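Here is the structure we will look at.
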Amino acid sequence: MYTLEIVKGTDFLNAFFRSGLNCTVLALTLNTCAYTTEIFAGAIRSVPHGEIEAARA
């Protein structure tokens with residue numbers, strides 16, 4: 001099994017990543033966060049430049 005040295009050296013991380021459930025939950029959480037961030041970024045990018053200028057005035 002391949003592990004990173006920083007994970008092996010830290011007892012908490014070593015115990016955390018030994019469980020498959022913990023790794024799965026972490027992967028799904030990071031994926032959901034990235035997807036949600038892209039949704040918000042797209043919404044912000046879709047606002048026309050004129051509306052941003054009007055809001056600043």
Once the Cα gyration tensor of the chain is diagonalised, semi-axes √(5λ) in Å: 42, 12, 8
For the chain, calculated [θ]222 nm from helices alone, where every DSSP H run of n ≥ 4 adds -39500 (n - 2.57): -25500 deg cm²/dmol
Under Karplus coefficients 6.51, -1.76 and 1.60, residue-wise ³J(HN,Hα) of segment 28-35 in Hz, glycine/proline x: 5, 5, 5, 5, 5, 4, 5, 5
Hz values of 3J(HN,Hα) by residue in segment 46-57 - Karplus curve (6.51, -1.76, 1.60), Gly and Pro given as x: 7, 6, x, 4, x, 5, 5, 5, 5, 5, 6, 6
Local electrostatic count, Val47, Cβ distance below 15 Å [Lys/Arg +1, Asp/Glu -1]: 0
Within the chain: Cβ-based charge dipole about Cα centre, in debye rounded to nearest 20 (Lys, Arg +1; Asp, Glu -1): 120 debye
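Each value in this text was obtained by applying a stated rule to the coordinates, not by laboratory testing. On a predicted model such as this, the values are computed, not experimentally measured, just so you know. Backbone-built Cβ (ideal geometry, glycine too); neighbour counts: all protein chains shown.
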